[in-house]
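Asks: Sharing a structure with you now.
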């Protein structure tokens, strides 16, 4: 029996579910998945960004339940510090938290204009100014971290920051968004991680579809 469970929604559409799942995998936690049905009203509200709060992913570990993605990351760091979800150096650790927090609370234009959809592909998709501003900021963050810490990931080794930005890599691929070579190479590394390949395969096999997120742009 697994020591923990992680409740998630759609693997195809939910960026938050992907983040929580990746964090658990990166931490080496033994957990089982519990997937909410796509026709559940609360699940649809979250996937369509209509919910005032996001209650999945939710990690249950013993008697402890944690449902915010950053809170899950911090909790996993406490119980699995050897996994390196946060860097050892205090200054670098603070920078990692700031970068992860910026993704957690920002970039709303990107989220709404380019919803996560791993089954879709929209070549030459028109990215408007609001979403482009978010993309420019994200790739600037990536370039700064890759140069400052030497790569191949944002803080050298895999950390919570990489898990937080992994869904952006899927969006850039889905919507055929051109980015600088350094950012493109980083996306390639993230998308080819064994955990990511496992998630993407499962997402593409999902039978459920949410019509509002399958619009032909």
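The values are calculated or read from the model by the stated rules, or taken from the named source; none is laboratory data. Note that this is a predicted model, so its numbers are computed, not measured. FYI the Cβ positions are ideal-geometry reconstructions off the backbone, even for glycines, and counts take in every protein chain you see.
Asks: Taking the conditions exactly as written (in a loop (DSSP other than H, G, I, E, B) and closer than 14 Å to residue 186 by Cα), does residue 156 satisfy them or not?
Replies: For residue 156, the condition - in a loop (DSSP other than H, G, I, E, B) and closer than 14 Å to residue 186 by Cα - is not met.
Asks: Can I ask one more? Condition first: within 16 Å of residue 178 (Cα to Cα) and free of Cβ contacts under 8 Å to residues at least 24 places away in the same chain. Now tell me which residues in the range 131-157 satisfy that.
Replies: 131, 132, 136, 140
Asks: Among the numbered criteria (1) more than 16 Å from the chain's Cα centre (by Cα); (2) surrounded by fewer than 17 Cβ atoms within 10 Å (Cβ to Cβ), which single criterion is violated by residue 149?
Replies: (2)
Asks: Turning to a different aspect of this structure: Among residues belonging to the range 1-30 that are touching a strand residue (DSSP E or B) at 6+ places or on another chain (Cβ under 6 Å) and farther than 25 Å from residue 117 by Cβ, point out the one that is modelled with the lowest pLDDT.
Replies: In this case the residue turns out to be 2.
Here's the yes/no breakdown for (1) closer than 27 Å to residue 68 by Cα; (2) outside any loop (DSSP other than H, G, I, E, B); (3) modelled with pLDDT of 95 or more:
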position: 111; (1), (2), (3): yes, yes, no
position: 118; (1), (2), (3): yes, no, yes
position: 167; (1), (2), (3): yes, yes, yes
position: 197; (1), (2), (3): yes, yes, yes
position: 200; (1), (2), (3): yes, yes, yes
